[in-house]
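Worksheet: one structure, shown below.
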Amino acid sequence: MKTATPVPTRIFPPVNVTFLYLINKILSGMENLRDAMNALVPVIRDYFIFDNIVVFLVDPMTLNLDVAYARATGRGKSAEADVAWGEIIGSQVIDSRQVILQEPQDTTQIERLHRPFTLGVPLISHAETLGAIIFIRFGSPQYTPDQIAFAEYLADQLALVVARENLMRENKRLEFQNRTFQVQEDFISTLSHELRTPLGFIKGYTTTLLRTDATWDEQAKEEFLTIIDHETDRMQDMISNLLDSAKLQSGQMIMDLQVVRLDVLIKDVILRSKLHHPALDIQVEIAEPIKPIQADPRRLAQTLENLITNAVKYAPEAPVKVKIAELADGVQIDVSDAGPGIPEKYRSKIFDRFFRIPDSQNTARGTGLGLFICNQIIQAHNGKIDLTSRVGEGSTFSIYLPERVEN
Ligand code: ADP
């Protein structure tokens, strides 16, 4: 009868204070378990023999056991993909919060892989069981009390890394939640403030027109109705901006890509802009013939109209210039004004949702959504929008669009 092959005895240096200090030093800077284990495994293998190692962590939401790290070396390499072997002992260790040692049931098995010696140690931090670390040796030798104590020391150190990682993750989640709350709050306050203004005009002039104790001549009536009409348009624009921005934020705005001729599109945009701003002084410079590009014509027109409206709002009475030039792989559209310019410190924020330069409120009404929408639309075309500006001289918004939008 064949007997089990004995494993050659290997002499390991004793675990001393210097070694424990080294482990502590390796782990103290670690912010995640994977990096910690990758750094630790080669170091501890010189002192502590194991073929497979696996770390299970308890998912705080589902309470399921997840494999956070698994590594198979030497004799257990063939079992690398199969971490199921540690799952039962992992659950037992976590449930009992105790070290568990398992010896092979059948020591007469010839094949080493059928004679696993398993050691499971709980990862506990602040009375919370975070998971378990499982070591496996195929064939022998059994774990000595010193080695078990060492494994417990490692587990305590790793529990600190996991607790640190969990804390950082929770911090990030809270920060994100906070930002989301802030955005929602800004959204509601902007919405109520901005909608209230045109609504106030509409209500005021309608009530005035309906008064039975006063009569208005035709000219006054027309004036009041023009204001109502204008303010209703404003409200409509604002609501579509809010809806667009919500759609863009959640990735629900789909671009309807078509072949677009920019010379035709820009003429259309200017015509419409002049309808809204009859005093608009605008020059267009197109390097004709300009190559057609792939774009969503409605969204691109919306972007250009927005930039022109901003020029009218923030650089009133100054001329606006639109320049379209061909690039090797696309086109560039510049919308320039000779207005007050945008100070350097605000330029990185200018495309943020709801951002307005603090004293803009005194210059023109707005929601801070326009440039956010422009930027998102251009990005959805795989393009880019940039701002160059000199305070006191003016601003140029430059749009770069590729010839074709690759997915
Ligand atoms: P809104 O016009 O509704 O405030 P935008 O997102 O279109 O929102 O613009 C954000 C801010 O950028 C504006 O509040 C304004 O302060 C500034 N801005 C935009 N365009 C110009 C411009 N052409 N010149 C100077 N400032 C501008």
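Derivation of every value follows stated rules applied to the coordinates shown; laboratory data play no part. The shown structure was predicted, so the numbers you read here are calculated from the model rather than taken from an experiment. Don't worry about glycine lacking a Cβ; one is built from the backbone with ideal geometry, like all the others, and counts go over all protein chains shown.
Remark: C-alpha extents of region 268-376 on the principal axes read 42, 29, 24 Å, sorted largest to smallest. With coordinates expressed along the principal axes, the C-alpha atoms belonging to the chain extend over 115, 59, 39 Å, beginning with the largest. Pop the C-beta distance of His114 and Asp146 into the FRET formula with R0 = 25 Å and round what comes out to the nearest 0.05. According to the calculation, E is roughly 0.40. Based on C-alpha pairs under 8 angstrom that are at least 6 apart in sequence, the chain has a relative contact order of 10 percent. Panel order for Glu194, Glu103, Glu218, by other beta carbons found within 10 Å of each beta carbon, from fewest to most: Glu218, Glu103, Glu194. Dipole size of the chain about its Cα centre, with +1 on Lys/Arg Cβ and -1 on Asp/Glu Cβ: approximately 1040 debye, rounded to the nearest 20. The residues neighbouring Ala301, those whose beta-carbon lies less than 15 Å from its own, together hold a net charge of -1 under the Lys/Arg +1, Asp/Glu -1 convention. Within the shell of other residues whose beta carbon sits under 13 angstrom from the beta carbon of Glu152, the net charge comes to -1, with Lys and Arg scored +1 and Asp and Glu -1.
Note on the chain: helix-only mean residue ellipticity at 222 nm, from DSSP H runs of 4+ residues weighted -39500 (n - 2.57) and normalised by residue number, equals -15500 deg cm²/dmol. Panel order for Met37, Met61, Met255, Met168, by other beta carbons found within 10 Å of each beta carbon, from fewest to most: Met61, Met168, Met255, Met37. Calculated FRET efficiency, Ala279 to Thr212, Cβ-Cβ distance, R0 = 41 Å: about 0.65 to the nearest 0.05.
Here the label points at Gln236 and Leu257, each 7 Å from Cα along the C-beta direction, are separated by 3.1 nm in the simple model.
Give the calculated FRET efficiency between Glu223 and Ser250 to the nearest 0.05, with a Förster radius of 51 Å applied to their Cβ-Cβ distance. Taking R0 as 51 Å, the efficiency between Glu223 and Ser250 is 0.80. Taking the square roots of 5 times each eigenvalue of the Cα gyration tensor of region 173-271, largest first, gives ellipsoid semi-axes of 36, 26, 8 Å. The distance between label points at Arg97 and Ile188 comes to 4.1 nm (points 7 Å beyond Cα on the Cα→Cβ vector). Structure note, pairs Lys221/Lys274; Lys247/Lys384; Lys172/Lys345; Lys323/Lys384; Lys172/Lys384; Lys247/Lys313: Cα-Cα distances above 21 angstrom occur for Lys221/Lys274; Lys172/Lys345; Lys172/Lys384; Lys247/Lys313. Could you grab the relative contact order for region 290-351? Cα pairs under 8 Å, six or more apart, rounded to a whole percent. Once divided by the residue count of region 290-351, the mean separation gives 29 percent. Ordered by the count of other Cβ atoms within 10 Å of each Cβ, fewest first, Ser192, Ser389, Ser140 give Ser192, Ser140, Ser389.
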